[in-house]
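Comments concern the structure below.
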C-alpha cells in the first residue's frame, strides 16, 4: 500500500508539472538543467566553441604556407625572445614555439588567450599574456629586474624580435608604442593592411608619405616583403595584406633630435595634410621666427610636410629652436 502511494504521488507530481504554463515549465527545466562540465579548465575559458565572426577587428591567418614564410622572415630565433602581438588561434605561435628560446604571446581576447594557454601548456618556453598590447609595461617585461643592478655594471636589455598580425584599426597605435620602447627591440615583422604598408614604406614627396611614414623611418629601416590575398585569412577581409620588416635603427642621434620634441614637431607639421607647412606651423610659432627658420633652411612657405625629408625636417626643427632661444 505504501509503495503504491509513493508511485501515485510521483505520478500526480509529473502530471502537475506538465500542466504548468510553458514559461513556468521552462523555468523549472532551467533550475534542474545540469551545468556544462568543466574539467581542468581555467575559469576564464568558455566551453563553447569560438565564434567564427571576428571580434576586435580580427582576421585570423589560415594559410600554413604563408605562416611559414612570415616566421622565416625573422631569421634564426633559436637564441631569441620573440614577442607575438595578437596570436589569435596560434597559427604563427605553433611554428615559433618550436624555434624560439622564449615566446611571449600577448592576446587581448579572453577566450583566445585561455585556449592558447591550454594549447601551449606543455611548452616551457611559451608564455601567454592576456592583455592589451598598448597597456604592456615593456620596462617591467624586458628591462633589468630588481636586485640585478650593481654599481658600475651596465646591463643591456636583450634584443627582442616582434611578430604579429595586427588588427587594421589599431596598427598605427601599436607601432608608435613599439617605437616608444625601441631600445628593447631588434626586428619587427608585421602583417598589416596593404594600404597601411604603403604608407609606412612611402618615400618623401609621394602621395602616401605622412606622419606614420616619417615616424617609422625615424626609428627603423622599412622593407615591404610580400603580400597576402584575402583568402589567406578566416574570415577573409576586403583588402590585401602586406608583410613588413622593420629593422630598428633609430636616427635621432644622427639628426640631433633626441627626446620627444621632434616627434611633436612632426605631428604639428603633418597636422592637416592639405595645408601648407606654413599654415600648420604658424599657430605655434611667431611669424617672424617661422619666416626666418624657413629662409635659413631654404624651405618654401608653400611647401607641404610630405615633401620634406627627415633631414630637412630636422634642419627646420633646429632652426626654429635656435630662433626661439635667440629671441
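The values are calculated or read from the model by the stated rules, or taken from the named source; none is laboratory data. None of these values were measured; they are calculated from a predicted model. Cβ: placed from backbone, ideal geometry, glycine included. Neighbour counts: every protein chain shown.
Quick notes on this structure:
- Only one of 239, 243, 257 that is farther than 28 Å from residue 63 by Cα and in contact (Cβ under 8 Å) with a residue 40 or more places away in the chain: 257
- Within the range 195-222, the residues that satisfy the criterion of being over 17 Å from residue 265 (Cα atoms) and under 19 Å from the mean Cα position of the chain (by Cα) are 195, 196, 197, 198, 199, 200, 201, 220, 221, 222.
The rows are residues; the columns are (1) part of a loop (DSSP other than H, G, I, E, B); (2) closer than 17 Å to residue 162 by Cβ; (3) outside the structural domain of residue 190 (by TED's automatic domain parsing).
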residue	(1), (2), (3)
95	no, yes, no
118	no, no, no
121	yes, no, no
134	no, yes, no
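- Residue match in the range 164-177 (condition: in the same structural domain as residue 241 (by TED's automatic domain parsing), at pLDDT 95 or above and out of contact with any helix residue (DSSP H, G or I) (no Cβ under 9 Å at 6 or more places or on another chain)): no
- Restricting attention to the range 180-214, the residues that are under 12 Å from residue 249 (Cα atoms) and out of contact with any strand residue (DSSP E or B) (no Cβ under 8 Å at 6 or more places or on another chain) add up to 1.
For (1) crowded, with 17+ Cβ neighbours inside 10 Å; (2) touching a strand residue (DSSP E or B) at 6+ places or on another chain (Cβ under 7 Å); (3) assigned by TED's automatic domain parsing to the domain that holds residue 74, each residue gets a yes or a no:
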site	(1), (2), (3)
220	yes, yes, yes
279	no, no, no
299	yes, no, no
305	yes, no, no
